[in-house]
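The values are calculated or read from the model by the stated rules, or taken from the named source; none is laboratory data. Remember, it's a predicted structure, so these values are computed and weren't measured experimentally. Every residue, glycine among them, receives a Cβ derived from its backbone with ideal geometry; neighbour counts consider all protein chains shown. Just so you know, the surface numbers come from the protein's heavy atoms only, side chains and all, with ligands and any DNA or RNA stripped out. Shrake-Rupley method; radii C 1.70, N 1.55, O 1.52, S 1.80 Å.
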Amino acid sequence: MGLVSLFLGLVSLFSSLTVGSGIGANWGTQATHPLNPNIVVRLLRENGIQKVKLFDADYDTLRALGKSGIEVMVGIPNDMLAPLAAKMKNAEEWVSKNVSKHITTGFRYVAVGNEPFLQTYNGTFLSTTLPALQNIQSALIKAGLSNQVKVTVPMNADVYESANSLPSGGDFRQDIHDYMIPIVKLLSEYGSPFTVNIYPFISLYIDSNFPAEYAFFDGNASPVNDGGTYYYNMLDANLDTLVHTLQKNGFGNMPIIIGEIGWPTDGDRNANVEYARRFNQGFMSRIAGGKGTPLRPGPIDAYLFSLIDEDAKSVDPGNFERHWGIFTYDGQPKYLLNLGTTNAGQLIPAKGIQYQENKWCVMRPNARLDDPNVAASVSYACSLADCTKLGYGTSCGELDWKGNISYAFNSYFQIHDQQDEACKFPNLSTIVKTNPSQGTCKFDIMIQPYYGGADGRLPTQLGLVAGFALLLLTFL
């Protein structure tokens, strides 16, 4: 028994020394018009991003990554945990279809679930996460891939807390402690990492009293003193709270990956280009310098969140959710950012992007703001498009009422591929060929739709017919 414990301890220690450092990127695809995966893979390679984290196992994405040399963490969505937990056969089929079939792709990890113990889920996935993890691990072993591909479970940082509000008081949340231990034990036994998502921006978003400087890496914040160890930013304090948590529960040598970290550029007064550049550049400078935390001083293994904006993400957490990308929806850099991975010293834009026509849908010059159809039209357009750049402190926050209405109309028009029917708001809208963008507020032109994938993607025009019928009913 002692030899077994010694062996497992050595495996854990070895793993903590061999998990790759450096920067990766989260590649999400919750967009009305996602970029062609081949374009995205080229974007990754030209920017020197050698690791990517996916949220599902999209066929075309995995095919594009094949033989690219890019290391892959492929994700299993939370809604698949129950069937994977229920039957071993389901896990074996998933591994066969999504890992074995694409084995030339640089698979390194399978992410089982995504923040399944998030408090806002109210325990929905508590009973299915561990058995799903066990079955995927067993399926990888059966497929002969367990040495090459490791499992992990990306957790939100809310799975641990501190009894004294300092890193040294860290432990898993009491309500999920008994669920976390067997998960961490399995990860440790198979030399897998603990993956955590850390968001200083969220702390600033939910707490108006949060010291803003503590979110950044400039050293301007008043440090937190934890028994003689000083913390000058939230990331270090948060990550070391996890280190203390693992140590307290007997897993002090477990490797840690930051699965998501970043800063959004729109949708909130603190979500802007200046803060995003400051945060991400500060973080990248730490990555380039190989600087860790007081308890883990070595290089950090992390994935930026995120690569590209996603205009179809849920905005339940906040309007900023659609603006985490370091690139816009069309693969263009948002700001000057040096990843330290190329000689360019800045982000390199995507190539080969095809746009739709230079035309926009706006409010008619003679339309009246007191028209009874205005409110319903704007509400309808925003419910099926993306109006998250409108509002206080956003990039389009300075628009007047007509500008706001025009922005809503145009977003709906562009998302529906500029079809004439998508700019027929009753007596209110018209199509123009003069760019209506104002100041920091850009009225986008949508890219050409991509219809790839093993199952294909439905053209947005198919949904437009039903949607336009619903719009007409609104005014009957």
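Restricting the first member to region 184-200 and to residues that are within 13 Å of Leu133 (Cβ to Cβ), and the second to residues that are charged (D, E, K, R), the beta-carbon pairs closer than 6 Å and six or more apart or on different chains are Ser192/Lys150. For region 374-393, the set of residues classified as among the β-branched types (Val, Ile, Thr) and either open to solvent by 40 Å² or more (accessible area, probe 1.4 Å) or within 16 Å of Gln414 (Cα to Cα) (or both) consists of Val378, Thr388, listed by residue number.
Residues in region 279-295 that are under 22 Å from Gln346 (Cβ atoms) and small (Gly, Ala, Ser): Gly282, Ser285, Ala288, Gly289, Gly290.
When restricted to residues that are of a type in the set (D, E, K, R) and closer than 30 Å to Glu161 by Cα, region 76-121 contains 3. Candidates in region 44-61 are the residues that are open to solvent by less than 60 Å² (accessible area, probe 1.4 Å), of a type outside the set (Asp, Glu) and out of contact with any strand residue (DSSP E or B) (no Cβ under 7 Å at 6 or more places or on another chain); of these, the one that is farthest from Leu337 (Cα to Cα) is Gly48. Considering only region 158-177, I want to know if a residue exists there that is among the β-branched types (Val, Ile, Thr) and under 19 Å from Ile256 (Cα atoms). The answer is yes, given that some residue of region 158-177 is among the β-branched types (Val, Ile, Thr) and under 19 Å from Ile256 (Cα atoms). For Asn135, are the conditions met, namely being over 30 Å from Ile49 (Cβ atoms), modelled with pLDDT of 95 or more and either surrounded by 19 or more Cβ atoms within 10 Å (Cβ to Cβ) or touching a strand residue (DSSP E or B) at 6+ places or on another chain (Cβ under 9 Å) (or both)? Yes; evaluated as a whole, the condition is true for this residue. Of a type in the set (Gly, Ala, Ser), under 18 Å from the mean Cα position of the chain (by Cα) and either more than 22 Å from Thr195 (Cα to Cα) or at pLDDT 60 or above (or both): does that describe Gly22? Considered against the rule, which asks whether it is of a type in the set (Gly, Ala, Ser), under 18 Å from the mean Cα position of the chain (by Cα) and either more than 22 Å from Thr195 (Cα to Cα) or at pLDDT 60 or above (or both), Gly22 comes out as yes.
Can you name the residue in region 243-253 that is under 28 Å from the mean Cα position of the chain (by Cα) and within 13 Å of His177 (Cα to Cα) and, of all such residues, is surrounded by the most Cβ atoms within 10 Å (Cβ to Cβ)? For region 243-253, the residue satisfying everything is Thr245. Within the option set Gly113, Gly106, being of a type in the set (Gly, Ala, Ser), within 22 Å of the chain's Cα centre (by Cα) and surrounded by 23 or more Cβ atoms within 10 Å (Cβ to Cβ) holds for one residue only, Gly113. The sole residue among Gly340, Gly282, Gly345 that is open to solvent by 40 Å² or more (accessible area, probe 1.4 Å), out of contact with any His (no Cβ under 6 Å at 6 or more places or on another chain) and closer than 26 Å to Val72 by Cα is Gly340.
Within region 87-122, being aliphatic (A, V, I, L, M) and in a helix (DSSP H, G or I) holds for Met88, Ala91, Val95.
Scanning region 67-94 for residues that are in contact with a strand residue (DSSP E or B) (Cβ under 9 Å, 6 or more places away or on another chain), under 18 Å from Lys150 (Cα atoms) and open to solvent by 10 Å² or more (accessible area, probe 1.4 Å) gives Gly69, Glu71, Trp94. Total residues in region 382-430 satisfying the condition of being within 19 Å of Pro449 (Cβ to Cβ) and either small (Gly, Ala, Ser) or outside any helix (DSSP H, G or I) (or both): the figure is 8.
Summed over region 123-147, residues that are part of a loop (DSSP other than H, G, I, E, B) and in contact with a Ser or Thr (Cβ under 6 Å, 6 or more places away or on another chain) total 1.
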